[in-house]
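Engineer: Here you go, one structure.
The values are calculated or read from the model by the stated rules, or taken from the named source; none is laboratory data. Remember, it's a predicted structure, so these values are computed and weren't measured experimentally. We place every Cβ from the backbone using ideal geometry, glycine too, and count neighbours over all the protein chains shown.
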Amino acid sequence: MTAPAPPPFRAAHLRRIGLFMLLIAGAIAGAALLRSSGGGPAYQTPPLAIWVHLATVVPAVPLGAWLLWRQRKGDIAHRIGGRVWALLMLVTAIDSFWIRTMTGGIGPIHIFSVLTLVQLPRAIWFARTRQIDRHLKTMRGVFFGLIAAGFFAMAPGRTLWTFLFG
C-alpha cells in the first residue's frame, strides 16, 4: 500500500508566508524607529524587555530540544509544539532589539535575532513544501543559534550576567 500524495502547495500559503515576513519587517522597522527616538549612550533597557525575553527563551530551550530529538516527527504534538516554539522564537528575536545595555546600540549578538527572523519563515516554507530534510537542518540551525546567543548573553558585563549575578 502506498502513501497518498501530499496536497499541492497553494498560493494561499505563499500569501501567508509573505504576510508573516511583512509583519516581521514591520516589527524590525518599529524597533528601529523606537531606537532612533531614544537610543544612544543614554538608552536604558526597559525591564519589561528582559522579562519578556526570559519568558520566551526559558521555555524555548527545552521545547526546541524535545522537538529536535524526539523520535516521532510530523505528528500533531510535533506540529503544535513547533508552532509554539516558532512563536516563542519570533517574540524572543523581536524583543532582543530592546535589550542593548552594554553598547547602547544594536550589537553583534543581534545577528542571531536577524538570522532567526530570516530562517523561521524559510523553515516553515520547507515544512509546508515537504522538504523535510531542509526543514530539519534549518530548525537545528535556529536552535543552536539560540544556544549560542544564550552563551554569549551570559558573558560578564552583559545584561543577563548583571541581571542574574549583580
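Engineer: Being surrounded by 13 or more Cβ atoms within 10 Å (Cβ to Cβ), in contact with a Phe, Trp or Tyr (Cβ under 7 Å, 6 or more places away or on another chain) and part of a helix (DSSP H, G or I), is that true of even one residue in segment 96-111?
Structural biologist: Yes, that holds for at least one residue.
Engineer: Another question, if that's okay. When segment 77-95 is examined, which residues are found to be more than 20 Å from Lys137 (Cα to Cα) and surrounded by fewer than 16 Cβ atoms within 10 Å (Cβ to Cβ)? Walk me through it before giving the result.
Structural biologist: As a first pass, look at segment 77-95 and keep what is more than 20 Å from Lys137 (Cα to Cα): 91-92, 94-95.
Within segment 77-95, none qualify.
Engineer: With the requirement that a residue be closer than 22 Å to Arg79 by Cα and among the charged types (D, E, K, R), what does segment 113-166 give you?
Structural biologist: Arg122, Arg128, Arg130, Asp133, Arg134, Lys137, Arg140
Engineer: How many of the residues making up segment 94-114 are touching a His at 6+ places or on another chain (Cβ under 9 Å) and either modelled with pLDDT of 95 or more or of a type outside the set (D, E, K, R) (or both)?
Structural biologist: 4
Engineer: Among (1) under 24 Å from Ser96 (Cβ atoms); (2) in a helix (DSSP H, G or I); (3) modelled with pLDDT of 70 or more, there is one condition Ala29 misses while meeting the rest; what is its number?
Structural biologist: That leaves (3) as the condition not met.
Engineer: May I pose another question? Could we say that Arg83 is basic (Lys, Arg), under 17 Å from Ile17 (Cβ atoms) and in a helix (DSSP H, G or I) here?
Structural biologist: yes
Engineer: Continuing with this model, one more query. Residues of segment 121-141 being touching a residue at least 60 places away in the same chain (Cβ under 8 Å), within 20 Å of Thr92 (Cα to Cα) and surrounded by 15 or more Cβ atoms within 10 Å (Cβ to Cβ), which ones?
Structural biologist: Those that are touching a residue at least 60 places away in the same chain (Cβ under 8 Å), within 20 Å of Thr92 (Cα to Cα) and surrounded by 15 or more Cβ atoms within 10 Å (Cβ to Cβ): Pro121, Ile124, Met139.
Engineer: Any idea which of Leu117, Leu48, Leu22 is at pLDDT 90 or above, assigned to a helix (DSSP H, G or I) and surrounded by 10 or more Cβ atoms within 10 Å (Cβ to Cβ)? Can you show your working first?
Structural biologist: Numbers: Leu48 fails: at pLDDT 90 or above; Leu22 fails: at pLDDT 90 or above.
One residue alone meets the criteria, Leu117.
Engineer: Further question on the same structure: List every residue pair whose Cβ atoms sit under 8 Å apart, with the two residues 6 or more apart in sequence or on different chains, where the first one lies in segment 80-97 and is touching a residue at least 40 places away in the same chain (Cβ under 8 Å) and farther than 13 Å from Pro121 by Cα and the second, anywhere, is assigned to a helix (DSSP H, G or I) and aromatic (Phe, Trp, Tyr).
Structural biologist: Within 8 Å, the pairs are Ser96/Phe112.
Engineer: Can you tell me which residue is nearest to Gln44 (Cα to Cα) among those in segment 128-166 that are of a type in the set (S, T, N, Q) and at pLDDT 90 or above? Break it down stepwise before answering.
Structural biologist: Kept after step one, since they are of a type in the set (S, T, N, Q), are these residues of segment 128-166: 129, 131, 138, 159, 162.
This time we only want the ones that are at pLDDT 90 or above, so: 129, 131, 138.
Values: Thr129: 43, Gln131: 43, Thr138: 34 Å.
Of everything passing the filter in segment 128-166, Thr138 is nearest to Gln44 (Cα to Cα).
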